[in-house]
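A quick write-up on the structure given underneath.
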Amino acid sequence: MKAKKRFGQNFLKNDNIIKKIISANDIKNNVVIEIGPGMGALTKHLVDAKAFFAFEIDTSLKPHLNEIILNKPNAKIIYKDILEIDLNNFLKENNISECILIANIPYYITGPILKLIIDTQIIKEATLMMQKEVGDRILSTGGKTYGSLSVLLGYRYDIFKVTNVKNTSFYPVPKVDSVVLKFIRNDKYINTIKDEEKFIKFVKSSFLQKRKTLVNNLVSSYKISKEKVIENLKEIEADFNIMKRAENVSIERFITFSNGWKYD
Ligand code: SAM
């Protein structure tokens, strides 16, 4: 089967990596959702889940995938673009209150899938393959690689590296190396954040332009004067350093700042 570049097809061919991804999850006792089963490298290990649903955009893979789900009454493959699916609705319609997501996703949809796991409460765990650089940013706790992704994923999930993946583990070989991260939802900050929407907006606004200070980014995002921004931040943190950048603000401090932030 010829891989289709437009669908970001890089099939996993390294058994060791496949084993690591599978054994990082309790497949049998969970409802499992897979995005992009492809030729089924992971799928064939996932079809024994309590219930299994996969979304695949490429209908030409149907004959191949049909063989994998043959005699697996709990497994279903939906030939649709995951970006056109309202996953929350889909899960509700299928009476699923909790699921785990496993995906070797094409790089071009990494952003939307990360957004999906931020927004979909029903996903209690996700194991995702992604470009190494994106993984580094997500795992970062401060400095150049730290950004809104690190904070917005980090406050909702405990995040672990499952394994690094060399580009030669795929066919065809992509240009870059990858990493597999596992996200485990936790509610440790849920009661400390006063208003989640406000928190998310505050974090995104703080990182608007990475080289700018936190104060200047808030001025541009909220369209208020520098004096008002500094005044509000100093009310929250008396010794607030006005030269501080968002890359030096921990998740806990972001929560404190957004809780005390007066503007919408
Ligand atoms: N899971 C397989 C593996 O590990 O070998 C295939 C991985 S390949 C990187 C990505 C898969 O996602 C391909 O099968 C591709 O057709 C599928 N895909 C790409 N875009 C998609 C989308 N928007 N919705 C659903 N599937 C998609």
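What follows draws every value from the coordinates through simple rules; no lab data is involved. It should be emphasised that the depicted structure is a prediction, and the values quoted were computed from it without experimental measurement. So basically every Cβ, Gly included, is an ideal-geometry build from the backbone, and we count neighbours across all protein chains shown.
In a simple Cβ point-charge model (Lys, Arg +1; Asp, Glu -1; nothing else charged), the stretch 193-260 has a dipole of about 400 debye relative to its Cα centre. Fewest-first ordering of E252, E56 by other beta carbons within 10 Å of each residue's beta carbon gives E252, E56.
Annotation: for a label point projected 7 angstrom from Cα along Cα→Cβ of K223, residues of the stretch 247-264 with backbone N closer than 19 Å are 262-264. Full extension of the chain segment joining Q131 with D48 gains 27.1 nm, where the gain is 0.36 nm per residue of separation less the Cα-Cα distance.
Ellipticity at 222 nm from helices only: DSSP H runs of n ≥ 4 in the chain, each -39500 (n - 2.57), divided by the residue count, give -10000 deg cm²/dmol.
For the chain, calculate the relative contact order in percent as a whole number, restricting contacts to Cα pairs under 8 Å that are 6 or more residues apart. Answer for the chain is 16 percent. Ordering S250, F240, V215 by the projection of their Cα atoms onto the charge dipole of the stretch 193-260, which places +1 on the Cβ of Lys and Arg and -1 on the Cβ of Asp and Glu, puts V215 at the extreme positive end.
By definition, a body whose alpha carbon gyration tensor gives a ≥ b ≥ c is rounded when a/c is under 1.5, and the stretch 1-113 falls into this rounded group. The stretch 203-235 and the stretch 114-166 have Cα centres lying 25 Å from one another. Bridge orientation summary for the chain: considering DSSP beta bridges with both residues in this region, about 45 percent are antiparallel. Distance between the pseudo-spin-label points of I96 and Y108 (7 Å out from Cα toward the beta carbon): 2.5 nm.
As a proxy for reagent exposure, ranking M39, M130, M1, M243 by other Cβ atoms within 10 Å from fewest up yields M243, M1, M39, M130. Taking every C-alpha pair closer than 8 Å and separated by at least 6 residues, the mean separation divided by the residue count of the stretch 117-217 gives a relative contact order of 29 percent. For the stretch 154-205, a crude dipole built from +1 on the beta carbon of Lys and Arg and -1 on the beta carbon of Asp and Glu, taken about the Cα centre, is about 100 debye to the nearest 20. When only Cα pairs under 8 Å and 6 or more residues apart are kept, what is the percent relative contact order across the stretch 193-260? Once normalised by length, the contact order is 40 percent.
Extension gain for N248 to I22 (0.36 nm times residue separation, less C-alpha to C-alpha distance): 77.8 nm. For the stretch 220-264, what does the alpha-carbon gyration tensor say about shape, rounded, prolate or oblate, given a ≥ b ≥ c as the root eigenvalues, a/c under 1.5 as rounded, and a/b over b/c as prolate? Since a/c stays below 1.5, the shape of the stretch 220-264 is classed as rounded. The spacing between the stretch 41-109 and the stretch 240-264, judged by their C-alpha centroids, is 39 Å. About the centre of its Cα atoms, the chain shows a dipole size close to 780 debye [charges on the beta carbon of Lys, Arg (+1) and Asp, Glu (-1) only; nearest 20 debye].
Applying 1/(1 + (r/R0)^6) with r as the Cβ-Cβ distance of N71 and Y263 and R0 = 51 angstrom yields a FRET efficiency of 0.30.
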